[in-house]
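Here the structure is laid out as structure tokens; the discussion comes afterwards.
Values quoted throughout were computed directly from the atomic coordinates according to the rules given, and no laboratory measurement underlies them. These figures come from a predicted structure and were not determined experimentally. When we count neighbours, we look across all protein chains shown, and the Cβ atoms used for this are built from the backbone with ideal geometry, even at glycine.
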């Protein structure tokens, strides 16, 4: 049988950078090593009880076990619209401007399929969550990697890329709070982004998956900007907000034309999430918010412990304003080794796993992403281990 690399679309994808690190992590754990895993973005807190109870209640009803609706049951889409009204002051038509997705990742990837023609140029931030580029690449688009070490740099880079591109870009990607950089933006940024996109007739795909994990001002939505719905769709997720990562529930909201195109693509690909999951997701969105506050405080506590104790160990970590990650420069004495080798060194010599920055794009080199996904005691232990490595 031919190697999988012979397949056309597979050739478009680079080797999965994280695979090398994950393989090492697995082998060390098999050897009995206790690896403190700060490399994954997998929430470790339990899904709140009222959401689980609603799932159990609904799953006992046999009528909920059949095919669901690919764009989401109407009760869930209405709950999503209510969330946007309550949280952002944005009015959405649940019939025409809201689709329930199988997590924000699936929503983003299928949006890319829906709007991309072969050869379309897409402006994607770099570093960025991999689906922001590769969703379009798999769909046949061409990525113009756009430096995004700061939001201001990104918009400037987008303007330059528009001028130098051999053809007019089709769309631009926004992701704030950012994965991996944890950067945030204000409504003024979105106002400038919408104005730029409208000037050049470019669509916007905004990823707001970390809307509720913040430690300062609540992150805004691009849809709060007048006229944003003319050109923008936003994907959002319940994964981090309610610790529901494995449930695979997200949403795409905004521009009616793009939402309709996404619905058409999804109608050929899936029947939507299991109905009891959708009912429970509606209960999550309409339910009490104290569970969100508790999770936010847990992440804040972990962030503060990590910044303090890693700093004492000799590794200064920029304080993230939002998300469940920190984006950290590699310590000076290891900078020459690169992010993959440094991540492997951390695992081999300090029993700590992080995500190498190069996995988020070429401009991510020199950094690692650290997840706030272990408890404070484990984070302190990671700091002690790192201190020994840095001093050696």
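General remarks:
- Rounded to 0.05, the FRET efficiency of the residue 195 and residue 384 pair, given R0 = 51 Å and the Cβ-Cβ distance, is 0.55.
- Modelled FRET efficiency - R0 22 Å, residue 9 with residue 264, Cβ distances, 0.05 increments: 0.55
- Over the chain: helical MRE at 222 nm, DSSP H runs n ≥ 4 each giving -39500 (n - 2.57), nearest 500: -14000 deg cm²/dmol
- Relative contact order for the chain, counting Cα pairs under 8 Å that sit 6 or more residues apart, in percent: 24
- A crude spin-label estimate for the pair residue 34 and residue 152, with each label 7 Å from Cα along the Cβ direction, gives 4.5 nm.
- Point-to-point label distance, residue 96-residue 20, nm (Cα→Cβ direction, 7 Å offset): 5.1
- Normalised contact order of the stretch 295-392, rounded percent, pairs of Cα under 8 Å and 6 or more residues apart: 33
- Three principal axis extents describe the C-alpha atoms of the stretch 49-286; from largest down they are 58, 40, 28 Å.
- Model label points for residue 256 and residue 61, set 7 angstrom from Cα along the Cα-to-Cβ axis, are 3.1 nm apart.
- Euclidean distance between Cα centres, the stretch 91-135 to the stretch 293-324, Å: 30
- Evaluated at q = 0.10, 0.13, 0.16, 0.21 Å⁻¹: base-10 log I(q)/I(0), Debye formula over Cα of the stretch 47-176: -0.48, -0.73, -0.95, -1.20
- Placing a label point 7 Å from the Cα of residue 186 along the Cα-to-Cβ direction, the residues of the stretch 305-336 whose backbone N falls under 20 Å of that point are 319-323.
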